[in-house]
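Bear in mind these aren't lab numbers, they're just calculated from the coordinates by the rules spelled out. Everything numeric in this text was worked out from a predicted model, so none of it was measured. Glycine gets a Cβ as well: all are built from the backbone with ideal geometry, and neighbour counts include every protein chain shown.
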Amino acid sequence: MFDLETYVKAGSLAEALELLQDNPSSIPIAGGTDVLVRLREGSRDHRHLVDIHELAELNFIEKESDGTILIGAGIPFSRLIEHSVIAQNLPILAMAGGWVGGPQVRNSATIGGNICNAAPCADSASPLLVLGATAHLDGPQGKRSLPLKEFFAGPYQVNKGRAEILTHFSIASENYTGWSGVYIKYTTRGAMDIATIGCGVNLKLAENRVEKMRLAYTVAAPKPIRCYQTEAAVQGMPADASLMEAVAANVLDDLSPRDSWRASKDFREHIIRELARRTLRQALSGAGGTIQ
Ligand SMILES: Cc1cc2nc3c(=O)[nH]c(=O)nc-3n(C[C@H](O)[C@H](O)[C@H](O)COP(=O)(O)OP(=O)(O)OC[C@H]3O[C@@H](n4cnc5c(N)ncnc54)[C@H](O)[C@@H]3O)c2cc1C
């Protein structure tokens, strides 16, 4: 049994916001795949729940006329993976969604919950970071938007008030049109495991050189993180195998992996460099680069 004190299912986003304001101990629950684990562990912070699962205002994927893609925070990974807008425009997100848990978890777990839970290993984090996603919130002070990189505040911490709800993400056309994106997750088991290291890359070429490259990792720092120094160092480089080696040589300057029971710092550093090569190899191939 769960030590639940109050549970209210909201009928609309407006009602959910009101309920969260009325009870200063309450938090939102979406798919519950993180919240219920915490509750089971005896957390006192997860005993008053406002259920936002399946609210229509959070359950949509749309492509606007200017190409901007909107993804509702309440979209479960199983729906994200199968949606034609995602498959056709943001395959890196479908790749990441396919790595989350098993089918039962993906049916409940939402992309918004994955980001708001802010685990350093969240699988949707590095793809959304390299896609330059913006997070949109609603709350007691009204609506606000911020780049996802500013939303992550630390391990299991986001820049979000308790009574705020993440409503959706937006990804502008200029962040995916003509880009080639790849996400690879390294796990010690073949399935149903959290990342030892996760790596997302998004690459745009011009005349077989790097016009822009974005690289982000999970479990390589206290929070999901973009590798800005490495990105700047390889701008203009030829799109060939030398690029993969340059990224592998530079990337640790951006990161601070640590020892844990799951993997040593040395092993993580090795995987970080290797995932840089592998994600780039695939991204180069997708972008039409030359690989020896
Ligand atoms: C067996 C198992 C395997 C898993 N495997 C993986 C894995 O491989 N990769 C991975 O990344 N994760 C994994 N997870 C973790 C979890 O499934 C994901 O983090 C999931 O996406 C969380 O989404 P949720 O909707 O279930 O969130 P919930 O548990 O409902 O909520 C999580 C947190 O986010 C907040 N929240 C949720 N939605 C919103 C919103 N719209 N606005 C504001 N706050 C919100 C809640 O208040 C809570 O603090 C696994 C979990 C389990 C139980």
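Some notes on this structure:
- Relative to the longest principal axis of the Cα atoms of the chain, helix 13-22 runs at roughly 60 degrees.
- Å³ per residue enclosed by the Cα convex hull of region 59-197: 105 Å³
- Over all other residues within a Cβ to Cβ distance under 12 Å of residue 70, the charged ones net out to -3, with Lys and Arg as +1 and Asp and Glu as -1.
- Using only side-chain charges placed at the Cβ, +1 for Lys and Arg and -1 for Asp and Glu, the dipole size of the chain relative to its Cα centre rounds to 660 debye.
- Under-5 Å amide H pairs with residue 29, H placed in peptide plane, nonlocal only: 50, 51, 52
- Taking 0.36 nm per residue of sequence separation and removing the Cα-Cα distance, the residue 173/residue 3 pair yields an extension gain of 56.7 nm.
- Hits among aspartates and glutamates - C-alpha to C-alpha of residue 204 under 16 Å, sequence gap 8 or more where chains match: 174, 231, 240
- Among 56-66, 23-33, the order from most to least packed when residues are scored by Cβ within 10 Å on average: 23-33, 56-66
- Set of aspartates and glutamates with alpha-carbon distance to residue 160 below 13 Å, sequence-local pairs under 8 removed: 138, 150
- Taking other residues whose beta carbon is less than 15 angstrom from the beta carbon of residue 106, and scoring Lys, Arg as +1 and Asp, Glu as -1, yields -2.
- Region 178-287 gives an Rg/Rh value of 0.97, both radii derived from C-alpha positions and Rh following Kirkwood.
- Least to most buried among 265, 9, 204, 185 (fewest other Cβ within 10 Å first): 265, 9, 204, 185
- Exceeding the 20 Å Cα-Cα cut-off - candidates 212/265; 63/185; 9/143; 149/223: 212/265; 63/185; 9/143
- Inverse mean reciprocal Cα-Cα distance (Kirkwood Rh) of the chain, Å: 19.5 Å
- For region 163-179, 3J(HN,Hα) per residue [Karplus equation, 6.51 cos²θ - 1.76 cosθ + 1.60, θ = phi - 60°, Hz, x = Gly/Pro]: 8, 8, 10, 6, 8, 6, 10, 10, 10, 6, 4, 5, 8, 9, 6, x, 9
- The long axis of helix 265-287 is offset from the longest Cα principal axis of the chain by roughly 70 degrees.
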